[in-house]
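The values are calculated or read from the model by the stated rules, or taken from the named source; none is laboratory data. This one's a predicted model, so the numbers in the text were calculated from it and none came from an experiment. Backbone-built Cβ (ideal geometry, glycine too); neighbour counts: all protein chains shown. The protein model used for the area step is the full one, side chains on, heavy atoms only, and it has no ligands, DNA or RNA in it. Shrake-Rupley method; radii C 1.70, N 1.55, O 1.52, S 1.80 Å.
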Amino acid sequence: MYDKNMEKIAVVGGGAAGMACAVLLARAGHEVTILERGERLGRKLSASGNGQGNVTNMNMGEAHYFTDDAEKLSHILAPFGAAEAVAFLESMGGIFLPDARGRVYPASRQASAVTDLFRRELARLNVKICLGAQVNALAYDKKTPSFCVGWGEEQMRADAVVLAAGGKAAKNFGTDGSAYTLAEAFGHTVTPLSPALVQLRTDPAAVRGLKGVRVDALLTVEKKGAPAASFRGDVLFTESGVSGDAVFRASSFAEKGDVLRLDLLPDVPASRVSSVRGEGDLLCILHAALARHLARLSRENGKLLSVFVKNFPLEVTGTLGFDYAQVTRGGVPLKEVDDGLMSKLQQNLYFAGEILNVDGECGGYNLHWAFASAHAVSEALK
């Protein structure tokens, strides 16, 4: 366990998990330094929830996550649920409220304001912040004993290190996957990585002429002819496939070769559109571009137009990749850390956030993991 007489802690990464770790550790009396490769803290947090800051979800639980160790994840989430996350955030200021689906946002609906709360609290706690500090060297000196943390020509000594440098998704926010090498240097493995919460690709011909059309739909992911998961929400057609809230949620389940089946009128029974025969019958029912597209499909396939209104199929050919993904699936396995997220291979080396093999469904679950993992680390280091 961590020696409570050791107080100097380096937090590698200034995103949601890193800032939360630093706040909690500084409140506990530790001397904390954040090392952030970018030019400002919390860039990804400031863009979360479509810029509105979906920070957690009232329907919290391990069932909403993907990981290699669900039991350990459950132990970490148990003492830090949605109520605890809201209490932690409101301890820095602001008011956070759930919507009808349980998604929790700041009352201002400004994600950047959540980042500003963290920045203000970090300043109040006198946390040292080093920007433009991409850590490229991390070693443990048994003689001292302490870690030597290096970036550029700079270095520092730390009694404990928290790796909270993110995954591989959205490299425009400074998360390009390079931080995994710091963990691998201590013998840790990294599970296969893939983009999650991301736009899905289809055959471009299947969505031609629909770019920019948005529809409220019931989206069902079909695997080998059987329904696997369904989501109600926005579907936005793009040049290469589909995006939108329902698609991001479905992307956690959909793989290449699966079929997305869209019910374009989820509140209307099939019997009510059974008389639809031509494009003109869809006036005031579907977007004109979508009506034309489905009418063409009907002619080409010899099926009733009404069939496609309630069951518009799109085969998944892939995703838009890491550059457009919100989170990373995969990372350092939970099985390689203890319940306090300390490495089982190196004393006083901790992990928090997306660098671990934990990713959640769309709806505030990934930011909650950032805060819950930070809480686990801070409790272990108290």
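Check region 66-82 and report whether any residue there is polar (S, T, N, Q) and in contact (Cβ under 8 Å) with a residue 40 or more places away in the chain. Before you say what the answer is, go through the steps one by one.
Keep residues of region 66-82 that are polar (S, T, N, Q), which gives 67, 74.
Then keep just the ones that are in contact (Cβ under 8 Å) with a residue 40 or more places away in the chain; that gives 67.
Yes; the residues of region 66-82 include at least one that is polar (S, T, N, Q) and in contact (Cβ under 8 Å) with a residue 40 or more places away in the chain.
Do we have Lys72 as basic (Lys, Arg) and surrounded by 23 or more Cβ atoms within 10 Å (Cβ to Cβ) here? Judged against the criteria, Lys72 is not a match. Among residues of region 42-54 being in contact with a strand residue (DSSP E or B) (Cβ under 7 Å, 6 or more places away or on another chain) and open to solvent by 10 Å² or more (accessible area, probe 1.4 Å), the one that is nearest to Ser112 (Cα to Cα) is Gln52.
Filtering region 181-211 to residues that are among the hydroxyl-bearing types (Ser, Thr, Tyr) and under 11 Å from Val332 (Cα atoms) leaves Thr181, Thr189, Thr191.
The residue pairs whose first member lies in region 94-111 and is closer than 12 Å to Gly363 by Cα, whose second member is open to solvent by less than 40 Å² (accessible area, probe 1.4 Å) and of a type in the set (D, E, K, R), and whose beta carbons are closer than 9 Å, counting only pairs six or more residues apart or on different chains, are Tyr105/Asp99. Give region 232-261 a look and list any residue that's within 21 Å of His287 (Cβ to Cβ), in contact with an Asp or Glu (Cβ under 8 Å, 6 or more places away or on another chain) and not aliphatic (A, V, I, L, M), or say none. Of everything in region 232-261, those that are within 21 Å of His287 (Cβ to Cβ), in contact with an Asp or Glu (Cβ under 8 Å, 6 or more places away or on another chain) and not aliphatic (A, V, I, L, M) turn out to be Arg232, Gly233, Asp234, Gly244, Asp245, Arg261.
Selection of region 31-57 for residues being out of contact with any Ser or Thr (no Cβ under 7 Å at 6 or more places or on another chain) and among the polar types (S, T, N, Q) yields Thr33, Ser48, Asn50, Gln52, Thr56, Asn57. Count of region 93-118 residues, restricted to those that are part of a loop (DSSP other than H, G, I, E, B) and open to solvent by 80 Å² or more (accessible area, probe 1.4 Å), is 5. Does region 15-33 contain at least one residue that is buried (at least 23 other Cβ atoms within 10 Å of the Cβ), under 17 Å from the mean Cα position of the chain (by Cα), in contact (Cβ under 8 Å) with a residue 60 or more places away in the chain and in a loop (DSSP other than H, G, I, E, B)? Looking for residues that are buried (at least 23 other Cβ atoms within 10 Å of the Cβ), under 17 Å from the mean Cα position of the chain (by Cα), in contact (Cβ under 8 Å) with a residue 60 or more places away in the chain and in a loop (DSSP other than H, G, I, E, B), one finds at least one in region 15-33, hence yes. For region 266-275, the criterion of a residue being closer than 30 Å to Ala17 by Cα and touching a residue at least 40 places away in the same chain (Cβ under 8 Å) is satisfied by no position. Whether a residue is of a type outside the set (S, T, N, Q) and not in a helix (DSSP H, G or I) was assessed, and Val247 does not pass this test. Pairs are defined by a Cβ separation below 6 Å, a sequence spacing of at least 6 or placement on different chains, a first member in region 142-162 that is modelled with pLDDT of 95 or more and outside any strand (DSSP E or B), and a second member that is open to solvent by 10 Å² or more (accessible area, probe 1.4 Å) and not aromatic (Phe, Trp, Tyr); the pairs so defined are Asp159/Met6; Asp159/Lys8. Within region 295-312, can one find any residue that is closer than 20 Å to Lys224 by Cα and surrounded by fewer than 17 Cβ atoms within 10 Å (Cβ to Cβ)? Taking every residue of region 295-312 in turn, at least one turns out to be closer than 20 Å to Lys224 by Cα and surrounded by fewer than 17 Cβ atoms within 10 Å (Cβ to Cβ). Across region 157-199, what is the number of residues that are more than 25 Å from Glu7 (Cα to Cα), open to solvent by less than 50 Å² (accessible area, probe 1.4 Å) and under 16 Å from the mean Cα position of the chain (by Cα)? Count: 12. From the list Ala205, Ala217, Ala139, Ala183, the lone residue that is at pLDDT 95 or above, closer than 30 Å to Leu265 by Cα, small (Gly, Ala, Ser) and not in a loop (DSSP other than H, G, I, E, B) is Ala217. If you go through region 224-248 and keep only what is open to solvent by 30 Å² or more (accessible area, probe 1.4 Å) and touching a Gly at 6+ places or on another chain (Cβ under 7 Å), you end up with Asp234, Leu236, Asp245.
Quick check on region 1-14: of everything there that is farther than 16 Å from Gly353 by Cα and modelled with pLDDT of 95 or more, which residue is surrounded by the most Cβ atoms within 10 Å (Cβ to Cβ)? If you could, list the steps in order and put the result at the bottom.
If we filter region 1-14 for residues that are farther than 16 Å from Gly353 by Cα, which is where we start, we get 1-9.
Filter again for modelled with pLDDT of 95 or more, leaving 8-9.
Details: Lys8: 15, Ile9: 27.
In this case the residue turns out to be Ile9.
Total residues in region 119-152 satisfying the condition of being loosely packed, with under 13 Cβ neighbours inside 10 Å and either touching a Gly at 6+ places or on another chain (Cβ under 7 Å) or of a type in the set (Asp, Glu) (or both): the figure is 2. Taking the criterion of being polar (S, T, N, Q), closer than 19 Å to Ala374 by Cα and in contact with a Phe, Trp or Tyr (Cβ under 7 Å, 6 or more places away or on another chain), would at least one residue in region 65-74 satisfy it? No, because not a single residue in region 65-74 is polar (S, T, N, Q), closer than 19 Å to Ala374 by Cα and in contact with a Phe, Trp or Tyr (Cβ under 7 Å, 6 or more places away or on another chain).
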